[in-house]
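Beneath this line is the structure, given in structure tokens, with notes to follow.
The values are calculated or read from the model by the stated rules, or taken from the named source; none is laboratory data. Because the structure is a prediction, the values reported are computed rather than measured. No Cβ is skipped: glycine too gets one built from the backbone with ideal geometry, and neighbour counts run over all protein chains shown.
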Amino acid sequence: MIENIGWSLPLTLVVFFAARRLGGWLKTPLLNPLLVSMAVIIPLLVFSGISYERYFSGSKALNDLLQPAVVALAFPLYEQLHQIRARWKSIIIICLIGSLLAMLTGTTLALLLGATPQIAASVMPKSVTTPIAMAVSGSIGGIPAISAVCVIYVGILGAVTGHSLLNIMRIRTKASRGLAMGTASHALGTARCAELDYQEGAFGSLALVICGIITSLLAPLLFPLIMALAA
């Protein structure tokens, strides 16, 4: 058993940056750094007998940087402010429709598959960033921990497959691609956009913020309506 949890922070950093470098060499979104890091570190913790709580305590500094990292996404957003002002009506409509579809499809599918109302409530805020999703989930009777898992899954799925789907659908406009990724796969999708194109990352950041606000406001109203219709 590995006793020195002081290794958890450097281990996380080494695995993450190695995965990022490998993904850059092979040019494939399947080698998403977060996905590869999870695939390496989770089995290591299981086989070494280290609990997640102990591992987390050693790498808590990374978790503390999560919120500043999300705020930092506002910088490219600021630099595209002139384009945002010219298109603000379309942007809000797109984010509104995207947020509603994300909430409706996830919740409805969960109920159709036999999920309890508590699980359905946990799934509903899956397409917004983790802190918002957990707060929304708790407010409508969901389980915040399950919501966090759903958010991570959706984010990785979008980051890995999102641009391929956009290419198949021949969506080339940078603003459209960024808004789609930010709406569907929140911060992870936005980070992938920022890696590929600065302007895409800016519009992804915008969608991330707007969709978070919309979901926070509408989820407490929408979930009881869905449950009433499903009853």
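Here is a yes/no grid of residues against (1) surrounded by 11 or more Cβ atoms within 10 Å (Cβ to Cβ); (2) under 19 Å from the mean Cα position of the chain (by Cα):
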residue: Leu9; (1), (2): yes, no
residue: Thr12; (1), (2): yes, no
residue: Leu22; (1), (2): yes, no
residue: Lys27; (1), (2): no, no
residue: Ser90; (1), (2): yes, no
residue: Ala102; (1), (2): yes, yes
residue: Gly106; (1), (2): yes, yes
residue: Gln118; (1), (2): yes, no
Quick one: Gly114 ticks every box in (1) in a helix (DSSP H, G or I); (2) over 20 Å from Ser185 (Cβ atoms); (3) over 19 Å from the mean Cα position of the chain (by Cα) except a single one, so which number is it? (1)
Tell me whether segment 82-101 contains one or more residues that are modelled with pLDDT under 90, assigned by TED's automatic domain parsing to the domain that holds Cys193, of a type in the set (Lys, Arg) and farther than 19 Å from Tyr198 by Cα. yes
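For the structure I just gave you, tell me whether Gly114 is at pLDDT 90 or above, in contact with a helix residue (DSSP H, G or I) (Cβ under 6 Å, 6 or more places away or on another chain) and in the same structural domain as Leu217 (by TED's automatic domain parsing).
Values: at pLDDT 90 or above: yes; in contact with a helix residue (DSSP H, G or I) (Cβ under 6 Å, 6 or more places away or on another chain): no; in the same structural domain as Leu217 (by TED's automatic domain parsing): yes.
Answer is no for this residue.
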Residue in segment 64-74 that is farther than 30 Å from Lys174 by Cα, assigned to a helix (DSSP H, G or I), modelled with pLDDT under 85 and not basic (Lys, Arg) present: yes
Just give me the residues in segment 185-221 being closer than 21 Å to Val160 by Cβ and in contact with a Cys (Cβ under 9 Å, 6 or more places away or on another chain), in sequence order. His186, Glu200, Gly201, Phe203, Gly204, Ser205, Ala207, Cys211
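Out of segment 154-175, which residues are hydroxyl-bearing (Ser, Thr, Tyr) and either part of a loop (DSSP other than H, G, I, E, B) or loosely packed, with under 13 Cβ neighbours inside 10 Å (or both)? Break it down stepwise before answering.
Going residue by residue through segment 154-175, those that are hydroxyl-bearing (Ser, Thr, Tyr) are 161, 164, 173.
Once the filter is applied, which keeps residues that are hydroxyl-bearing (Ser, Thr, Tyr) and either part of a loop (DSSP other than H, G, I, E, B) or loosely packed, with under 13 Cβ neighbours inside 10 Å (or both), segment 154-175 yields Ser164, Thr173.
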When you scan segment 29-47, how many residues do you find that are surrounded by 12 or more Cβ atoms within 10 Å (Cβ to Cβ) and over 16 Å from Val14 (Cα atoms)? 1
If we scan segment 60-74, do we find a residue that is in contact with a Leu (Cβ under 6 Å, 6 or more places away or on another chain), more than 30 Å from Leu222 (Cα to Cα) and not assigned by TED's automatic domain parsing to the domain that holds Thr215? no
